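Here's the structure we're looking at; comments come further down.
The values are calculated or read from the model by the stated rules, or taken from the named source; none is laboratory data. Since the model is a prediction, treat every value here as computed from it, not as a measurement. So basically every Cβ, Gly included, is an ideal-geometry build from the backbone, and we count neighbours across all protein chains shown.
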Amino acid sequence: METLINDTYLNKSIDKILGCATLALYGEDIRFSVLLTIRDVRDYLANVKAGDPAFNQRVFMNSLMALANSTHPSMPDYKKTIEYAATLMTVELGD
C-alpha cells in the first residue's frame, strides 16, 4: 500500500481495513472487524497522536475516501468496505 499518512500506526490500520476489504470480496462479513479497527484509530487520534483530534480524524477519513474513490469499479464490495470505515469516522461509536 502506498503511504497516505506519515504515521506508522495509522498506515497499519489502513492495511487492516484493506485486508477486511479483500475478505469482503469473498463474501465475508467484515463489519465488526472494521468497527474495531476504527474504534482503535479514533482512540489513538484522541489520546495518543499529537495535534487536533478532530482535524486528524478528518485527514484519516479523507485518506480512506481517496482509497475508496481509486478502487476499480469491478470491486464494489471492496469499495463499500472502505467507505464503511470512512463513515464510522463521522459517527459517535460510544464505549
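Please determine whether any residue of segment 6-18 is under 17 Å from Met89 (Cβ atoms) and among the polar types (S, T, N, Q).
Yes, segment 6-18 has at least one match.
For segment 1-54, give me each residue that is part of a helix (DSSP H, G or I), farther than 21 Å from Asp77 by Cα and hydroxyl-bearing (Ser, Thr, Tyr).
Thr8, Tyr9, Tyr44 - these are the residues of segment 1-54 that are part of a helix (DSSP H, G or I), farther than 21 Å from Asp77 by Cα and hydroxyl-bearing (Ser, Thr, Tyr).
For segment 34-56, give me each residue that is crowded, with 17+ Cβ neighbours inside 10 Å and under 12 Å from the mean Cα position of the chain (by Cα).
Matches in segment 34-56: Val34, Thr37, Ile38, Val41, Arg42.
Out of all the residues in segment 8-27, is one or more among the polar types (S, T, N, Q) and modelled with pLDDT under 95?
Yes, because at least one residue in segment 8-27 is among the polar types (S, T, N, Q) and modelled with pLDDT under 95.
For segment 68-87, how many residues meet the condition of being of a type in the set (S, T, N, Q) and in a helix (DSSP H, G or I)?
Looking only at that region, the number is 3.
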